[in-house]
Amino acid sequence: MIRHDILNLLAEHPEDFVSGERISQHLKVTRSAIWKQIKILQEEGFEIEAQTKNGYRLLKTPLTLNTWVLKQALTTTTLGSVIELDDVLSSTNDRAKELARLGAVHGHVVLANCQSSGRGRLQRQWESPRGGLWMSVVLRPNLSLADASKITLAASVAIADALRGLFQIRIGIKWPNDLIYQGKKLVGILGEVVGEWNAVQTLIVGLGVNANFPREQLSNSLSAITLQEILGYEIDLNNLTAGILKHLEIELQLLENNGFEELRSKWSERAVGIGEEIIILRGEQVLQGVFRGISIDGALILETGDGEESFSAGEIQLRSKLNSYF
Ligand code: BTN
């Protein structure tokens with residue numbers, strides 16, 4: 001794409017002006033064609049200084065998602081090898097599933113600036129206004145069906161670590177894979193298996209980060225929080241995406257190569273509520289007990305008067321008895 005070629009040229013000389021003539025010679029297009037493209041880039045949020053005598057200089061890249069900026073920030077080897085960015089999608093998970101059925105490779109990433117019918121766990125809707133990070137990743141890992149829920153646990157550890165690394169904030173994981181800050185939900189993860197899980201195992205990991213918007217835009221604003229609110233400024237969604245993909249790649253490799261044990265202890269260190277009284281809801285049923293952590297297959301272990309029972313993520317909801325942290 002010509003706009004990307006222009007950006008590549010400008011990025012090669014971060015402090016300097018690059019003359020229109022040089023760009024036009026290099027890309028074999030007219031100077032007025034270049035000026036048109038520069039204007040489009042400026043509308044996309046690139047700050048490009050234009051001086052008649054000296055040419056163009058790239059000053060700032062947009063904080064909103066942009067494939068060129070994202071590719072510059074990416075440090076992964078497989079995740080993000082293909083990136084699709086749409087302005088509006090019904091759900092990035094649905095789009096990723098469709099692409100997976102058409103043969104999308106491991107690491108194919110789907111992003112949307114907003115979603116019109118974003119989906120959450122337990123058939124809930126997921127509100128996805130502009131400014132959030134709504135992303136799905138197609139994964140074809142070297143793991144079995146029994147590992148599907150471990151992959152979403154890995155994703156929760158990865159995102160918590162990415163947020164901590166980028167913004168020095170401490171994020172807790174609420175079982176199975178909600179990320180919370182001071183008791184309020186910041187990130188949700190929805191893992192979905194595509195088709196038959198046999199020869200080629202395909203999983204979609206969808207994640208939603210409440211990032212650059214005020215939480216009042218959400219109808220459940222009392223139990224949600226956004227990064228903008230925590231940090232007091234707008235963050236670079238491209239950097240955030242790159243950071244999350246990097247950590248996700250690391251955690252997946254660890255799971256594939258070393259098994260679940262290491263991930264289980266990482267998850268447990270970041271989890272909230274272990275050792276405390278909790279209430280879990282299974283349909284109409286309400287169960288009470290002490291949260292003892294997760295089993296070797298990622299299920300929640302609840303200790304009741306009758307001993308220990310484990311629950312998998314699909315069937316239940318978790319509540320704090322004291323209502324102090326979630
Ligand atoms: C939850 O906490 O219930 C999970 C929320 C997952 C939301 C993300 S946003 C990107 C992807 N597309 C969707 O429709 N859902 C996930």
Which whole-Hz couplings ³J(HN,Hα) result when phi for each residue of segment 45-61 is put into the Karplus expression 6.51 cos²θ - 1.76 cosθ + 1.60, θ = phi - 60°, listed in order with x for Gly and Pro?
-> x, 6, 8, 10, 7, 10, 10, 3, 6, 9, x, 10, 9, 7, 9, 8, 9
Determine the relative contact order of segment 66-183: mean sequence separation of Cα pairs under 8 Å and six or more apart, normalised by residue count, in whole percent.
-> 19
If you rank Arg270, Arg22 by how much accessible surface each has, with a 1.4 Å probe, what is the order from largest down?
-> Arg22, Arg270
Cα-based Debye curve of segment 67-270 sampled at q = 0.09, 0.12, 0.18, 0.19 Å⁻¹ gives log₁₀ I(q)/I(0) of -0.29, -0.54, -1.33, -1.51
Starting from the Kirkwood radius over alpha-carbon pairs of segment 154-212, derive D by Stokes-Einstein at 37 °C in a medium of 0.692 mPa s and give it in µm² s⁻¹.
-> 263
Calculate what fraction, in whole %, of the accessible area of the chain sits on carbon and sulfur atoms when a 1.4 Å probe is rolled over the protein chains.
-> 47
Classified through the alpha carbon gyration tensor (a ≥ b ≥ c as square roots of its eigenvalues; rounded if a/c is under 1.5, else prolate when a/b is larger than b/c, else oblate), segment 118-173 comes out oblate
Sum of side-chain charges, Leu255 neighbourhood, beta-carbon under 13 Å (Lys, Arg +1; Asp, Glu -1) = -4
Using +1 at the Cβ of each Lys and Arg and -1 at the Cβ of each Asp and Glu in the chain, identify which of Leu300, Val18, Pro129 lies farthest towards the dipole's positive end.
-> Val18
Would you work out the relative contact order for segment 237-326, in percent, from Cα pairs under 8 angstrom that are 6 or more residues apart?
-> 21
In whole percent, what relative contact order does the chain give with Cα contacts below 8 Å and a gap of six or more residues?
-> 14
For Arg95, what charge total do you get from the other residues with a beta carbon under 14 Å from its beta carbon, if Lys and Arg give +1 and Asp and Glu give -1?
-> -3
What is segment 277-320 by shape, rounded, prolate or oblate, if you read a ≥ b ≥ c off the alpha carbon gyration tensor as root eigenvalues and call it rounded for a/c under 1.5, prolate for a/b larger than b/c, and oblate otherwise?
-> oblate
With every protein chain kept in the model, how would you rank Leu102, Leu27 by accessible area, 1.4 Å probe, largest at the top?
-> Leu102, Leu27
Taking a ≥ b ≥ c as the square roots of the Cα gyration tensor eigenvalues, with a/c under 1.5 meaning rounded and otherwise prolate when a/b beats b/c or oblate if not, segment 217-303 comes out oblate
Quickly rank 73-82, 46-55, 156-165 as a protection proxy: mean count of other C-beta atoms within 10 Å, highest first.
-> 156-165, 73-82, 46-55
Taking a probe of 1.4 Å and leaving out DNA, RNA and ligands, the chain shows per residue an accessible area in Å² of 47
Taking the Cα centre of segment 250-325 as origin, sum charge times position over the Cβ atoms of Lys and Arg (+1) and Asp and Glu (-1), and report the length of that vector in debye to the nearest 20.
-> 280
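The values are calculated or read from the model by the stated rules, or taken from the named source; none is laboratory data. It should be emphasised that the depicted structure is a prediction, and the values quoted were computed from it without experimental measurement. When we count neighbours, we look across all protein chains shown, and the Cβ atoms used for this are built from the backbone with ideal geometry, even at glycine. These area figures cover heavy atoms from the full protein model, side chains too; ligands, DNA and RNA do not enter into them. Shrake-Rupley method; radii C 1.70, N 1.55, O 1.52, S 1.80 Å.
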